[in-house]
Every structure is written in C-alpha cells, then in structure tokens.
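I have placed the structure first, in the form of structure tokens, so that the comments after it can refer back to it.
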C-alpha cells in the first residue's frame with residue numbers, strides 16, 4: 001500500500017459572519033492538486049490554480065461545476081485574482097528564472113506581462129478597489145519580500161512596506177491596506193494615505209501567510225493544529241477568535257471569501273491510501 005497527497009478545495013456556506021450553515025463540502029473538481037481559490041466579484045465563479053503536470057489557472061462556477069482552463073502556459077502559473085469589474089485577472093507566472101505578474105482578459109485572449117521590477121521575483125498580485133493599481137510582492141535586489149504597487153495603465157512601481165510584506169488586501173472602506181509577512185506570523189495594516197504599520201493579529205504559528213481572507217469586520221484564517229486545522233474568524237472590534245469549523249485534515253494553500261461574505265473557499269490536504277497490484281500474464 002502506498003499513500004499520496006490529495007489537495008482539494010472545500011466550500012463553506014455562512015449563516016452569518018461567525019457561523020456556518022451546514023457542514024463544509026469538498027468540491028468535485030476532478031483535477032490534480034488544487035490551490036489558491038479566488039472569487040469573481042459577483043461570487044458566481046471562482047478561479048484557482050490546478051497542478052496536473054504543469055500549474056495552470058482554471059475557473060468554475062461557485063459549486064465546482066462548469067470548469068474551464070484559462071491558461072495553457074506549461075509552467076508555473078498561480079495566485080489568480082479577479083479584477084473588481086470582473087473583466088480581467090492578474091496572476092503570477094514563472095516563465096524563466098523569476099516569477100512575474102501577468103494579466104488575462106476573462107473573455108479570452110493571451111496573457112500579457114505587467115511590467116514591475118526586472119530581475120526580481122514578483123508575485124502575489126492583488127487589485128486596488130478602484131481597479132487602477134495592482135499590489136504585489138518583490139524581493140528586488142535580493143532583499144526580503146516587500147509590498148509594492150504598480151499602476152495598471154503604466155508607470156513605475158511604488159514601494160509600500162519597509163519591514164516586509166507578501167500579500168495585501170485593501171479594506172472595503174478604502175482606508176487601510178491589510179497584509180501578511182513571509183517569515184513573521186500575523187496580520188498588519190497601514191493607512192492607504194500613509195503612516196506607521198500596526199499589527200492587528202498576532203498568533204505564533206497561526207497559519208501560513210497565504211491562508212487568510214479579509215472580511216468587513218475581521219479576518220478569516222486557517223489555524224494549523226498539528227493534527228488537523230481550524231477555520232477561524234478574528235473580530236477586530238472585540239479581539240476575539242471564533243472557530244467556524246474543525247477538521248483532522250491539514251490546511252492546503254489558499255483561502256477566499258466571497259464579496260457578500262456568504263461563502264468561503266479554502267484548500268485542504270488529505271493523505272489517501274492506495275493499493276498497487278501486479279497482474280502477470282494479463283491478456
């Protein structure tokens with residue numbers, strides 16, 4: 001008997017901000033290893049990274065049906081993020097020695113490079129609420145990852161963080177930028193108008209930098225318990241954490257929240273046992 005890793009995307013319907021409606025459901029995507037989901041603005045579709053030989057971008061209806069492959073780059077494409085108007089998608093792709101940010105029209109066409117910082121790893125794209133900027137992380141000059149933003153219509157990138165940053169999301173009210181860091185657990189925020197960063201969630205070993213999503217009044221995140229994982233909600237106003245669901249399976253890569261707050265998607269890792277049989281003289 002041999003074991004292999006299966007990486008699924010799980011859907012959770014929410015009754016309200018802190019309580020789920022029914023048990024989590026594994027989506028039957030019938031693909032390879034599935035990571036990093038992201039909802040379309042209307043919540044009717046989601047994009048994700050599927051690894052089956054190569055890593056490519058796919059999109060499905062929110063229940064996992066009507067799936068279609070969006071890229072055929074035969075490399076490592078991932079971290080898709082829908083634009084606010086739903087017409088475009090930003091993602092990271094590694095064509096050669098460095099990862100870069102690419103843009104794809106959701107109606108079809110070839111992806112195009114978004115110029116950022118040459119000679120560096122640039123990834124983790126995220127859109128501004130007005131759709132005019134794209135945030136990304138970069139290790140420009142071999143330094144630790146910092147957050148930058150670049151205007152969609154062209155222009156030089158602008159550095160946002162000085163003390164580290166890898167994944168950023170603008171708040172719904174347009175006042176703050178929330179983000180995580182590569183090697184330091186927690187969530188930070190900084191005013192979009194400029195100012196000093198503030199740590200809003202501090203939990204040693206709480207989760208990986210990519211396993212959280214920003215809600216209107218808090219943060220959803222996957223907590224690795226060592227022997228399983230919890231889906232939690234941290235409320236900004238009270239500083240309290242509510243556990244939404246528990247599982248004996250391990251967190252995968254990525255967590256997404258629909259814009260209306262009614263649906264959560266996250267990646268989950270499962271160890272599956274399989275038997276290999278040898279049949280002699282088979283005709």
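The values are calculated or read from the model by the stated rules, or taken from the named source; none is laboratory data. It should be emphasised that the depicted structure is a prediction, and the values quoted were computed from it without experimental measurement. In this analysis, Cβ positions are derived from the backbone assuming ideal geometry, glycine residues included, and neighbour counts consider all displayed protein chains.
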> Going by the conditions given, is residue 50 surrounded by fewer than 21 Cβ atoms within 10 Å (Cβ to Cβ) and under 17 Å from the mean Cα position of the chain (by Cα)?
Replying inline: no
> Do you know which residues across the range 7-43 are in a strand (DSSP E or B) and surrounded by fewer than 16 Cβ atoms within 10 Å (Cβ to Cβ)?
Replying inline: 13, 20, 25, 26
> Considering only strands (runs of 3 or more DSSP E) fully contained in the range 151-240, which possess at least 2 residues that are at pLDDT below 90, touching a strand residue (DSSP E or B) at 6+ places or on another chain (Cβ under 9 Å) and under 17 Å from residue 126 (Cα atoms)?
Replying inline: none
>> Can you report the number of residues in the range 126-150 which are over 21 Å from residue 189 (Cβ atoms), out of contact with any strand residue (DSSP E or B) (no Cβ under 9 Å at 6 or more places or on another chain) and assigned to a loop (DSSP other than H, G, I, E, B)?
In response: 1
>> Going by what's in this entry, would residue 190 be described as more than 17 Å from residue 255 (Cβ to Cβ) and surrounded by 14 or more Cβ atoms within 10 Å (Cβ to Cβ)?
In response: yes
>> Can you tell me how many residues within the range 119-143 are under 18 Å from residue 105 (Cβ atoms) and buried (at least 19 other Cβ atoms within 10 Å of the Cβ)?
In response: 3
> Hey, residue 61 hits all of (1) surrounded by fewer than 19 Cβ atoms within 10 Å (Cβ to Cβ); (2) under 26 Å from residue 6 (Cβ atoms); (3) touching a residue at least 40 places away in the same chain (Cβ under 8 Å); (4) touching a strand residue (DSSP E or B) at 6+ places or on another chain (Cβ under 7 Å) but one; which does it fall short on?
Replying inline: (3)
